[in-house]
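A quick write-up on the structure given underneath.
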């Protein structure tokens, strides 16, 4: 069996998830991980599944991409196995007036401290910009990192919080 990464992007409409899931089920592809969201009227999904060859999945998804309705990509990936988390789980929240570079600056601080972003979402609501990121931090680094994040946030004119993640909610 092949492990595949599949992306699907297009104008949002009812039935995209069902259409893609049905194609994969007919092929015998087992969906193991996924993330799906609607972004300003567009739908985006990334899936990891185990199943037939990438070319077979591409061919089966082709009718969904007809007439430019959806853009799909399929590529084989190397299975990583079940990797244990390498750090401590935290949630970083940032909010403030929208401006260029918020995500770049805040994630750079995390990366420079050895933190790994495992999930990130952003929303623009009027002039308010909100970032919520699940991160893994090196053990014992949270207090120092919180100070570095606060300094970066102050330079951007935004607010930041860093709190331990509740593993039951992730």
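The values are calculated or read from the model by the stated rules, or taken from the named source; none is laboratory data. It should be emphasised that the depicted structure is a prediction, and the values quoted were computed from it without experimental measurement. As a convention, Cβ positions derive from the backbone with ideal geometry for all residues, glycine included, and neighbour counts pool all protein chains shown.
Being at pLDDT below 95 and out of contact with any strand residue (DSSP E or B) (no Cβ under 7 Å at 6 or more places or on another chain) is the filter; apply it to the range 20-51 and report the residue that is surrounded by the most Cβ atoms within 10 Å (Cβ to Cβ). Result: 39. Step by step: first the residues of the range 25-41, then only those that are in a strand (DSSP E or B) and farther than 30 Å from residue 126 by Cα, then the one that is farthest from the chain's Cα centre (by Cα). Which residue is that? Top of the filtered list is 30. Scanning the range 4-19 for residues that are in contact (Cβ under 8 Å) with a residue 60 or more places away in the chain and crowded, with 17+ Cβ neighbours inside 10 Å yields 4, 6, 8, 10. When the range 142-170 is examined, which residues are found to be buried (at least 17 other Cβ atoms within 10 Å of the Cβ) and in a strand (DSSP E or B)? Scanning the range 142-170 gives 158, 160, 162. Condition test on residue 157, is it modelled with pLDDT of 95 or more and out of contact with any helix residue (DSSP H, G or I) (no Cβ under 9 Å at 6 or more places or on another chain)? So residue 157 passes the test. Can we say residue 139 is in a loop (DSSP other than H, G, I, E, B) and in contact (Cβ under 8 Å) with a residue 60 or more places away in the chain? So residue 139 fails the test.
Please verify whether the range 105-126 includes one or more residues that are assigned to a helix (DSSP H, G or I), closer than 22 Å to residue 35 by Cα and under 18 Å from the mean Cα position of the chain (by Cα). Within the range 105-126 (the criterion being assigned to a helix (DSSP H, G or I), closer than 22 Å to residue 35 by Cα and under 18 Å from the mean Cα position of the chain (by Cα)), the answer is yes, since at least one residue qualifies.
Every residue, every condition in (1) assigned to a strand (DSSP E or B); (2) touching a residue at least 40 places away in the same chain (Cβ under 8 Å), yes or no:
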position	(1), (2)
23	no, yes
43	yes, no
86	no, yes
100	no, no
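Filtering 47, 4, 64 for residues that are touching a helix residue (DSSP H, G or I) at 6+ places or on another chain (Cβ under 6 Å) and assigned to a strand (DSSP E or B) leaves a single hit, 4.
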